[in-house]
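**Q** For reference, the structure I am asking about is given below.
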Amino acid sequence: MTNLPGPKPRIGLLGTGPWAGRTHAPALAAHPGVEFAGVWGRRPEAAAALAAAHGTTAYEDVDALFAACDAVAFALPPDVQAPLAARAAAAGCHVLLDKPVATDAAPARKTADAVTAAGVASVVFCTLRFAEPTARWIEEQTAAGGWFLGEAHWLGALFSPEADSPYAASPWRREKGGLWDVGPHVLSVYLPILGDVTSVTCAAGRADTRHLVLRHASGASTTMTLTLSAPPAASEAALSLYGEGGRVTMPDWNGALDAFGNAVDALLESIRTGRPHPCDIRFGARLTEILAEAESQAEAAGQPEA
């Protein structure tokens, strides 16, 4: 494992969209333990504007950014992110990726192999694993054990005509829906508590709604309903567990800005110690494998009428 030189490691950012502008860039600029070393984007003018807003440098050549950095963070569509993460790792950069790592199992595994072979540290930013209230809850329920059922309803209203969000125009979210946008969040909660997924069943509902039943290595099962097309009045993100201690429900969390700062801390700790983080590239690739199997089943069964 490569250690970072100097008192403040240099971290660059790939991506210039709303997610980068609202979360990644401000968190990196405010983090006391890193130097925000630069921004690259597929639109140079957007990279220049974001860099100027946070007092850093815009790069038109992504390899030049890699050369100027010890680590890089990604705020790109997943299937753009995956090959660039492999390229960054080959250049010696530690990587802080967004979820999902990719939307197909083969490139996700290929990226994981490349990052592992390069010997760099990796963290995949699944918000609930790094937001303080939810991360603590996950640790507590993992330690408690005795669970036999997980139940999740993540009914987002991003695609509702009444919704007003900068993320609603995201092409990859429009194409892939809630399964791929919020599915990684839900899996990132249940896998550490209930164990790896050993079987997946998935059926399509209205619009992008997907209904999943998962079997875990512990013998427990999880049911998940995921969508970005719920009416705003019906929207919710509710994750529960049932077991020997009764029923417990995951607490609310407050946005992603602080959580992303915690993810930066986790990457720095992994670099310092040489220990893989539980939410590393291998874990991220596993999430993609599970969701790809669910997507395949839903497509094979056909889409019901809206």
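All of the numbers you see were taken from the coordinates with simple rules; none came from a lab. On a predicted model such as this, the values are computed, not experimentally measured, just so you know. Here the Cβ is made from the backbone with ideal geometry for all residues, glycine too, and neighbour counts use every protein chain on show.
**Q** Checking the structure you have, find out if any residue of the range 125-132 is outside any loop (DSSP other than H, G, I, E, B), touching a residue at least 60 places away in the same chain (Cβ under 8 Å), surrounded by fewer than 19 Cβ atoms within 10 Å (Cβ to Cβ) and out of contact with any Pro (no Cβ under 9 Å at 6 or more places or on another chain).
**A** Within the range 125-132, one or more residues are outside any loop (DSSP other than H, G, I, E, B), touching a residue at least 60 places away in the same chain (Cβ under 8 Å), surrounded by fewer than 19 Cβ atoms within 10 Å (Cβ to Cβ) and out of contact with any Pro (no Cβ under 9 Å at 6 or more places or on another chain).
**Q** Determine whether the range 9-20 contains at least one residue that is touching a helix residue (DSSP H, G or I) at 6+ places or on another chain (Cβ under 6 Å), buried (at least 24 other Cβ atoms within 10 Å of the Cβ) and farther than 22 Å from residue 99 by Cβ.
**A** Looking for residues that are touching a helix residue (DSSP H, G or I) at 6+ places or on another chain (Cβ under 6 Å), buried (at least 24 other Cβ atoms within 10 Å of the Cβ) and farther than 22 Å from residue 99 by Cβ, one finds none in the range 9-20, hence no.
**Q** Only one residue in 61, 98 is touching a helix residue (DSSP H, G or I) at 6+ places or on another chain (Cβ under 8 Å) and among the charged types (D, E, K, R), so which one is that? Walk me through how you get there before you give the answer.
**A** Values: 61 fails: touching a helix residue (DSSP H, G or I) at 6+ places or on another chain (Cβ under 8 Å).
Sole residue among the options that is touching a helix residue (DSSP H, G or I) at 6+ places or on another chain (Cβ under 8 Å) and among the charged types (D, E, K, R): 98.
**Q** Let me ask something else. With within 27 Å of residue 167 (Cα to Cα) and either among the aromatic types (Phe, Trp, Tyr) or part of a helix (DSSP H, G or I) (or both) as the only criterion, which of 102, 117, 51, 73 stands out? Break it down into steps so the answer makes sense when it comes.
**A** Working: 102 fails: either among the aromatic types (Phe, Trp, Tyr) or part of a helix (DSSP H, G or I) (or both); 117 fails: within 27 Å of residue 167 (Cα to Cα); 73 fails: either among the aromatic types (Phe, Trp, Tyr) or part of a helix (DSSP H, G or I) (or both).
When all the criteria are applied, what remains is 51.
**Q** Additional query: Quick one: would you say residue 85 is closer than 27 Å to residue 179 by Cα and part of a helix (DSSP H, G or I)? Lay out the reasoning, then the answer.
**A** On the way: closer than 27 Å to residue 179 by Cα: yes; part of a helix (DSSP H, G or I): yes.
Yes, satisfied.
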